[in-house]
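The values are calculated or read from the model by the stated rules, or taken from the named source; none is laboratory data. Nothing here was measured: the structure is a model prediction, and the numbers come from that model. Cβ placement follows ideal geometry from the backbone for every residue including glycine, while neighbour counts extend to all protein chains displayed. Keep in mind that these areas ignore ligands, DNA and RNA; they rest on the heavy atoms of the full protein, side chains included. Shrake-Rupley method; radii C 1.70, N 1.55, O 1.52, S 1.80 Å.
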Amino acid sequence: MRYPFAETEPKWLKIWEDKKADLTDLSKHERKLYHLNMFIYPSGAKAHIGHWYHYGPSDSWARYKKLKGYNVFEPMGYDAFGLPAENYAIKTGIHPKDSTLANINAIREQLKKMGCMYDPNAELMTCVPEYYKWNQWLFLQLYKKWLAYRKNAPVNWCPNDQTVLANEQVQSDGTCERCGTVVIQKNLTQWFFKITDYAEELLAGLDKINWPEKTKLMQRNWIGKSVGAEVMFNVDGTDDKISVFTTRPDTLFGVTYVVLAPEHPLVDKLTTSGYKSEVEKYKESIKSLTEIERTSTVKEKTGVPIGAFAINPVNKEKIPIWIADYALLTYGTGCVMAVPGHDERDFEFAKKFNLPIRKVILQPGTSENDELTEAYTAVGIMINSGEFNGLNSDDGIERVTAYLERNNFGRKKVNYRLRDWLISRQRYWGTPIPIIHCEHCGEVPVNEKDLPVELPYEVEFKPTGESPLASNENFINAKCPKCGADARRDPDTMDTFVDSSWYYFRYLNPGFAEAIFDKAKADKWIPVDMYVGGAEHATMHLLYARFIHKFIRDLGLTNSDEPFTNLVHQGTITNNGAKMSKSRGNVVNPDEFTEKYGADVFRLYLMFMGPYELGGDWSDKGIAGTDRFVQRTYDLFKRFEGLKKRSSLKNKFALSNLSENEKLLYRKVNQTIKKFDEEINHFRFNTAIASLMELINETKNIQSCSAELQLYVLERFAVMLAPVAPHLAEECRALLGEEISIFEKPVWYDPDTEALIEDSVNIAVQVNGKLRATVSVPINSEQDDVKPLIFIDEKVTKFIDGKTIIKEIFVKNKIYNIVVK
RNA sequence: GCCGAAGUGGCGGAAUUGGUAGACGCGCUGGACUCAAAAUCCAGUGGGGCUCACACCUCGUGCCGGUUCGAGUCCGGCCUUCGGUACCA
């Protein structure tokens, strides 16, 4: 009889629900394990294979930890705000709230069928006022500490659709993904969170967390710390100063020109009359370029001089000031001191515009008079640098910096690539920003007691050229909290990464009304012990969450420094090498497989496919294999129905009392426990399941074993099965006669260490490193005991006869290698 | 370009600190069962050579070279694929 998953799976779901097996008692925190999955984004489609691949194995790990005696908390929720729901609304007219809630209901049902032990009391969704109220509260706390501020920033603007576009809506050729119009940059006053204040701590904190090295490296690069100097250049004939950042103060004597970013505020002021029209023309030409084109490294560098000159503080040389698009207003000071001899970009630019190239660092092994054919960027001896001549350039960095500081020309400076976090979105479906703009008082925060600022349902979310909320009169008109005059609310909403930067606190008490979260609970349960989610969040979400966590700590609400102690990324499942997405139309629906094979078989297959962190290309080719495994398992237990009533469960057997057959099986089951435990603990589900398959292959002769050993083996097999195929394992244990769900009363077995040790072992015999024979010897045999067995073996002697033995290498229990000549 | 990961049978993938390459599964081949098929069970399955057969030999982990008694694993140089990033001064 085939395993009737269609009956057993709903049956066990019901039992777990009735017995409250998935509820975590948060008042108990001994051996607590907070197991978090990145929550689901209900963007319109139902859950697909990628979600199963993420959540199924991750849940198996959590279940394994539960069986090992941990008090596991595994919540699930919905990252419900965001652009896709709004775009869907623009297209279909269905309100984002309605479509999102409908999606959530559908996805909740799907997730339930997977058989994950999500705590039903901990579910949250970000689009309800009870949740986003606290986004607003957080905003106000950041505002109070000067960590939320407004400034002008460019947005991608589609002149045809009259709307702001997210970066991902701009196609690689710089056009709008909807209508194909060329996207332009438009400046808007927008809100920022000052993540840069935490740059140093965010960098240093990476050393304290157990994350994939790859992810930590990405964050390090993203933060992009560089140490150097800020140098002041006087502008010839004016009081203005140009400040530049450089990591190479040792090359200061080689500066032959200065470059400003075209948008730099000093440009208009410094440009001399004869250069005005050229400069304006150049700035205009830059404007029509998209960000993507402008920052392309393949593009040839462009620029124009502005007619003004700067004075190099160290040698008082007069050098021209240029503007060029390779200077970025967003990095450093927006000004570059150009050293063509020792910087590749400056070299290229100087060659093109015939600017002087001066050598100030001598490459070892070359002569001062050799002409530079490319920029020399490595370490060397300083030349043409006045009092610093002859110094090693590494030492020169410090010496020149000290000189600058002594003479007030500059100072040591640490610079970060990290920029502040722009959180304003000119969108409807998000958290309203709790600020009121008053003609008299300026920007005024909403009083905390007036939170939440509720998102109205009635709104025109079709593009009109301004934020959708601006058109809702009831929403936008408000009284100034300070002076009471008529005023207007901020029409923008927050980036949804704000929602996800603290949600793990809220799971502990989604309904908590008095505060953002219950501090007493958080003190016991935060940080998250294990976080599982996609690697695509390495630099955005995972950095924002660390920032907000540190801010929450600084508010005194948590005592931990980092939110996620351990992190694992599941791999991506592709379809014919391409990412699955609705727009490509290549999404594989998991329902067809679960309907045919059941949730357990499908989960097992996803885990068995390969390493969890690697993902891979989707193929259902091998699913028959895990299906067969499930059938064979069920058949096996079916044969021993009621065994528990006929036999007793023993903890241990003495090897000497077992028959050869029994000994083999006893050893195998204990070896499997050891192997399975190690593998699943490290998220190596594929090899963990392989070990279970080996075990079932070893049960061929189980009929000839004693009833007690049969029960011993089957009980342990079912327990190992429980994390990876939970419904099946429960059913198998029930067949044996077990009456209590394993997830209601967790069980795990440690291996009998005596059974792990084999009596004998096969040793590989090599001649000159080539395998020639194997010999079976008692375990831990010494070389002298093994040697006589080898030199009588014809397979070995025929390769050494007539030759001189130079050396013999013996590795206990492994290898005997004879080196001959 | 730079940074990172990976490359192993027909396929997905195993392989502790360098120590018997190919675990486990898919597929395929042959056999049993069946009127027949499906399902199931049993056996075989990296390439080549030799052999009636057993056995044995030989090559083999992207390519070239090196270290070592011994390399999928370590080192140097390439090639390919996939991620990340984009003039960061």
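Select from the range A:771-784 the residues that are open to solvent by 40 Å² or more (accessible area, probe 1.4 Å) and either in contact (Cβ under 8 Å) with a residue 12 or more places away in the chain or of a type in the set (Ser, Thr, Tyr) (or both) and list them in ascending order.
Within the range A:771-784, A:Arg772, A:Thr774, A:Ser776, A:Pro778, A:Ile779, A:Asn780, A:Glu782, A:Gln783 meet the criteria.
Being within 16 Å of RNA strand B (Cβ to nearest atom) and of a type outside the set (A, V, I, L, M, F, W, C) is the filter; apply it to the range A:754-770 and report the residue that is surrounded by the most Cβ atoms within 10 Å (Cβ to Cβ).
Looking at the filtered set, the residue picked out is A:Gln766.
Since A:Pro96 meets every condition but one in (1) out of contact with any strand residue (DSSP E or B) (no Cβ under 8 Å at 6 or more places or on another chain); (2) surrounded by fewer than 23 Cβ atoms within 10 Å (Cβ to Cβ), which condition does it not meet?
(2)
Going through the range A:379-419 one residue at a time, which ones are open to solvent by 30 Å² or more (accessible area, probe 1.4 Å) and either within 29 Å of A:Arg546 (Cβ to Cβ) or hydroxyl-bearing (Ser, Thr, Tyr) (or both)?
The answer is A:Tyr403, A:Lys412, A:Lys413, A:Val414, A:Tyr416, A:Arg417, A:Arg419.
Identify the single condition in (1) within 26 Å of A:Gly396 (Cα to Cα); (2) in contact with a Lys or Arg (Cβ under 8 Å, 6 or more places away or on another chain) that A:Pro249 does not satisfy, given that it satisfies every other one.
(2)
Pairs please, first residue from the range A:569-598 and touching a residue at least 40 places away in the same chain (Cβ under 8 Å), second anywhere and open to solvent by 60 Å² or more (accessible area, probe 1.4 Å) and part of a strand (DSSP E or B), Cβ atoms under 8 Å, 6+ apart in sequence or on different chains.
A:Thr572/A:Lys579; A:Ile573/A:Asp617; A:Thr574/A:Asp617; A:Asn575/A:Asp617; A:Asn576/A:Asp617; A:Gly577/A:Asp617
Out of curiosity, is A:Thr464 touching a residue at least 60 places away in the same chain (Cβ under 8 Å) and over 35 Å from the mean Cα position of the chain (by Cα)?
Here the answer is yes, as A:Thr464 does meet what is asked.
Is it the case that the range A:673-682 has a residue that's more than 22 Å from A:Gln570 (Cα to Cα) and either open to solvent by less than 40 Å² (accessible area, probe 1.4 Å) or more than 16 Å from RNA strand B (Cβ to nearest atom) (or both)?
yes
Listed here are the residues, each with its yes/no results for (1) more than 9 Å from RNA strand B (Cβ to nearest atom); (2) assigned to a loop (DSSP other than H, G, I, E, B).
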| position | (1), (2) |
| --- | --- |
| A:Met218 | no, no |
| A:Asn221 | no, no |
| A:Ala229 | no, no |
| A:Asp239 | yes, yes |
| A:Ile242 | yes, no |
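Could you list, in sequence order, the residues of the range A:64-87 that are closer than 30 Å to A:Ala102 by Cβ and part of a helix (DSSP H, G or I)? Steps first, answer last, please.
At the first step, the residues of the range A:64-87 found to be closer than 30 Å to A:Ala102 by Cβ are A:73-87.
A:Leu83, A:Pro84, A:Ala85, A:Glu86, A:Asn87, listed by residue number.
Can you spot a residue in the range A:192-202 that is without any contact (Cβ under 8 Å) to a residue 40 or more places away in the chain and among the hydrophobic types (A, V, I, L, M, F, W, C)?
No, the range A:192-202 contains no residue that is without any contact (Cβ under 8 Å) to a residue 40 or more places away in the chain and among the hydrophobic types (A, V, I, L, M, F, W, C).
For the range A:611-640, how many residues are more than 7 Å from RNA strand B (Cβ to nearest atom), open to solvent by less than 20 Å² (accessible area, probe 1.4 Å) and of a type in the set (Phe, Trp, Tyr)?
The number of residues fulfilling the criteria is 4.
Residues are listed down the side, and each one gets a yes or a no for (1) open to solvent by less than 70 Å² (accessible area, probe 1.4 Å); (2) touching a residue at least 12 places away in the same chain (Cβ under 8 Å); (3) not aromatic (Phe, Trp, Tyr):
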position	(1), (2), (3)
A:Glu694	no, yes, yes
A:Ser706	yes, yes, yes
A:Glu715	yes, yes, yes
A:Ala734	yes, no, yes
A:Val747	yes, yes, yes
A:Asp752	yes, yes, yes
A:Val786	yes, yes, yes
A:Phe791	yes, no, no
A:Asp801	no, no, yes
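Which condition does A:Ala515 not pass, out of (1) more than 24 Å from A:Leu83 (Cα to Cα); (2) of a type outside the set (Asp, Glu); (3) in a helix (DSSP H, G or I), if it passes all the others?
Exception for A:Ala515: condition (3).
Kindly indicate whether any position in the range A:69-81 is more than 23 Å from the chain's Cα centre (by Cα), of a type outside the set (A, V, I, L, M), open to solvent by 10 Å² or more (accessible area, probe 1.4 Å) and farther than 26 Å from A:Phe505 by Cα.
no
From A:Glu698, A:Glu738, A:Glu715, which residue is closer than 27 Å to A:Trp61 by Cβ and within 15 Å of RNA strand B (Cβ to nearest atom)? Talk me through it step by step, then tell me what you get.
On the way: A:Glu738 fails: within 15 Å of RNA strand B (Cβ to nearest atom); A:Glu715 fails: within 15 Å of RNA strand B (Cβ to nearest atom).
After ruling out the rest, the residue left standing is A:Glu698.
Just one of A:Glu758, A:Glu715 is modelled with pLDDT under 95, acidic (Asp, Glu) and more than 36 Å from the chain's Cα centre (by Cα); which is it?
A:Glu758 is the lone residue from the list that is modelled with pLDDT under 95, acidic (Asp, Glu) and more than 36 Å from the chain's Cα centre (by Cα).
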